[in-house]
1. In this structure, does B:GLY346 turn out to be surrounded by fewer than 18 Cβ atoms within 10 Å (Cβ to Cβ) and away from chain A (no Cβ under 14 Å)?
2. In this structure, does B:ILE249 turn out to be surrounded by 19 or more Cβ atoms within 10 Å (Cβ to Cβ) and under 19 Å from the mean Cα position of the chain (by Cα)?
3. For region B:256-272, state whether one or more residues are away from chain A (no Cβ under 14 Å), under 30 Å from the mean Cα position of the chain (by Cα) and crowded, with 24+ Cβ neighbours inside 10 Å.
4. From (1) farther than 23 Å from B:ALA150 by Cβ; (2) within 14 Å of chain A (Cβ to nearest Cβ); (3) hydroxyl-bearing (Ser, Thr, Tyr), pick out the condition that doesn't hold for B:THR319.
5. Considering only residues that are of a type in the set (D, E, K, R) and surrounded by fewer than 15 Cβ atoms within 10 Å (Cβ to Cβ), which ones fall in region B:69-122?
6. Can you work out which of the residues in region B:307-357 that are in a loop (DSSP other than H, G, I, E, B) and among the β-branched types (Val, Ile, Thr) is farthest from the chain's Cα centre (by Cα)?
7. So, B:ALA303, is that one away from chain A (no Cβ under 14 Å) and either modelled with pLDDT of 95 or more or under 27 Å from B:ILE108 (Cα atoms) (or both) or not?
8. Condition (residue is over 22 Å from A:ALA224 (Cβ atoms) and either in contact with a Pro (Cβ under 8 Å, 6 or more places away or on another chain) or free of Cβ contacts under 8 Å to residues at least 12 places away in the same chain (or both)) applied to region A:7-30: is it met by at least one residue?
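The values are calculated or read from the model by the stated rules, or taken from the named source; none is laboratory data. Computed from a predicted structure; not experimentally measured. Methodologically, a virtual Cβ is constructed for each residue, glycine included, from the backbone with ideal geometry; neighbour enumeration extends over all protein chains shown.
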Amino acid sequence: MAKRIDVSGLSAYYGAHKAIDDISMTVEPRSVTAFIGPSGCGKSTFLRTLNRMHEVTPGGRVEGKVMLDDENLYGTNVDPVAVRRTVGMVFQRPNPFPTMSIFDNVAAGLRLNGKYKKAELNDIVERSLKGANLWNEVKDRLNKPGSGLSGGQQQRLCIARAIAVEPDVLLMDEPCSALDPISTLAIEDLIGELKERFTIVIVTHNMQQAARVSDRTAFFNLAAVGQPGKLIELDDTERIFSNPSVQATEDYISGRFG
Amino acid sequence: MSHAIQERPVTVASRPGSLSHARLPRWTPAAIAAGSIAAGIGIGLAAGWHSKIQWGMIAALLFVLITYGLTTKVEGSRQAKDRVATSLVWVCFVLAVVPLLSLAWVTISKGMSVLDGYFLTHSMNGVLDAEAGGGVYHALLGTIEQVGIATLIAAPIGLLTAVYLVEYGGGKLAQAVTFFVDVMTGIPSIVAGLFVLATWNLMLGFGPSGFAGAMALSILMMPVVVRSTEEMLKLVPNELREASLALGIPKWRTILKVVLPTAIGGITTGVMLAVARITGETAPVLLLVFGTKLINPNPFEGAQSSLPLYVYEQFAVGTDAAMARAWGAALVLIAFVMILNLVARGIARWKAPKTAR
């Protein structure tokens with residue numbers, strides 16, 4: 001199921017402003033790739049170009065190619081809705097649907113996309129919640145509203161919701177930045193399990209987290225405020241954190257930034 | 001300079017610590033209010049004024065002044081400003097509530113005398129002006145039908161317009177729509193009535209009917225629905241839209257299944273407020289529905305009546321029996337709008353996003 005992402009010459013714009021410039025990289029299947037870099041360097045923007053969520057922002061525009069195995073996401077006849085079913089996303093702040101129960105939240109992606117039998121849905125919801133390590137905590141209150149859970153549980157609910165539609169790739173935009181250390185640990189363990197089945201890309205501001213969860217790490221930087229962000233280097237996480245090939249990466253990682 | 005230094009210990013001595021200071025007891029505002037009202041009545045009686053409004057103004061003025069004076073003396077000037085602001089808020093609240101209560105009281109006390117089962121279930125068929133009896137059944141039926149049809153026309157159009165403005169709009173067209181909705185908000189109801197009269201009745205040649213009135217009412221209702229729905233949709237966090245889109249759910253289903261349900265409570269309240277607004281409209285109904293003493297359940301054919309129109313007609317007749325009927329109908333109208341509002345609040349509370357664990 002997991003697919004390789006091959007990006008070449010990708011630039012993204014907000015109106016006339018160029019947010020990221022000419023990025024090319026390969027994301028390996030069944031692995032975790034972490035994006036690190038200072039705020040405003042375009043990590044999140046780049047992440048959102050990988051499932052065509054960037055163009056949802058008014059004025060958002062993309063140039064370049066994103067190959068998912070052998071299909072260009074920005075090809076002429078590609079349906080963004082279909083892309084987003086294949087490439088799922090988890091956001092920075094947990095955002096369960098407030099009008100829906102826990103069950104309905106997980107089932108939302110399936111139910112709003114087509115018809116499913118009740119028994120089939122039950123199975124998928126249970127499997128997804130187990131996959132997100134949330135089943136034991138919520139199995140007795142599946143019909144309670146999702147917004148009643150704690151922040152960490154809500155985030156795992158959102159992960160369950162994302163994996164319920166069986167995507168090939170899972171994008172995570174700072175999934176732990178609103179969570180306490182214990183919930184963060186739970187999510188990080190979960191990422192370790194999920195990478196057996198999905199290609200995972202995670203944006204994080206927490207360098208220890210990148211070192212803990214990822215196999216490969218990409219460092220983004222920008223020349224100055226207002227300049228577009230660029231990919232500085234992408235390498236095995238171990239190398240990035242021990243012996244990076246670019247000086248800027250070492251400066252950033254060791255806190256001598258700027 | 002030395003003067004200031006000399007003064008200081010005196011102030012400090014009057015206060016036990018720099019963080020605490022003398023406070024008026026908690027019942028002070030109530031006591032001042034009671035005193036001011038008593039003084040207002042006293043002054044009013046002594047001066048021989050008949051208008052109770054003058055008594056009330058004196059009382060309100062005294063309330064604010066005494067509060068300010070007393071607090072400055074005991075608590076200091078900052079607290080005095082705080083208390084004056086608070087008391088002004090209270091005075092404004094009372095100013096707003098007194099007419100409301102007085103209106104409710106007058107309507108209930110004058111309307112209750114005729115309001116009974118007979119009044120609600122009978123029309124004015126064959127009832128002479130000066131004669132007691134008769135009822136509002138035909139008017140109540142007319143109001144329900146006209147308002148219902150107007151809502152059926154205006155609510156979907158208004159809702160969809162708001163969805164367009166918030167979810168799809170952004171260009172010149174959306175700006176134009178917003179502008180015209182604002183203009184529509186300001187249309188006087190008689191103009192909406194004349195517009196329908198000119199097109200539907202004079203140009204197309206239809207006679208008076210409940211439907212013609214409903215069309216005019218829907219013109220008045222539409223901008224209110226658009227405005228309130230727009231504000232409610234804007235309150236739905238963008239994150240929810242993105243979460244839904246990121247699951248591969250198409251935009252129209254996102255709007256239908258995520259955005260609208262999240263905002264449904266507020267939208268219902270907005271629609272109900274618009275309904276309440278048009279229920280009391282008299283002018284377009286007078287022009288287009290014409291009024292009748294008989295029960296006409298068909299809103300598409302022939303004259304109907306409506307509650308505000310009924311009140312107007314009975315008031316114009318002016319006999320004691322007719323006046324009593326006018327007050328009774330006014331009470332029915334107020335109760336009708338109030339029940340609608342309560343229902344709307346109930347729906348809003350029932351449908352609101354749930355937060356309980």
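1. In short, yes.
2. Here the answer is no, as B:ILE249 does not meet what is asked.
3. Pass one, region B:256-272, residues away from chain A (no Cβ under 14 Å): B:269-272.
With the extra rule that they be under 30 Å from the mean Cα position of the chain (by Cα), the set shrinks to B:269-272.
Retained after the next criterion (residues that are crowded, with 24+ Cβ neighbours inside 10 Å): B:270.
Within region B:256-272, one or more residues are away from chain A (no Cβ under 14 Å), under 30 Å from the mean Cα position of the chain (by Cα) and crowded, with 24+ Cβ neighbours inside 10 Å.
4. Here B:THR319 clears every test but (2).
5. B:LYS73, B:ARG78, B:LYS81, B:ASP82, B:ASP116
6. Checked region B:307-357; the qualifying residue farthest from the chain's Cα centre (by Cα) is B:THR319.
7. no
8. no
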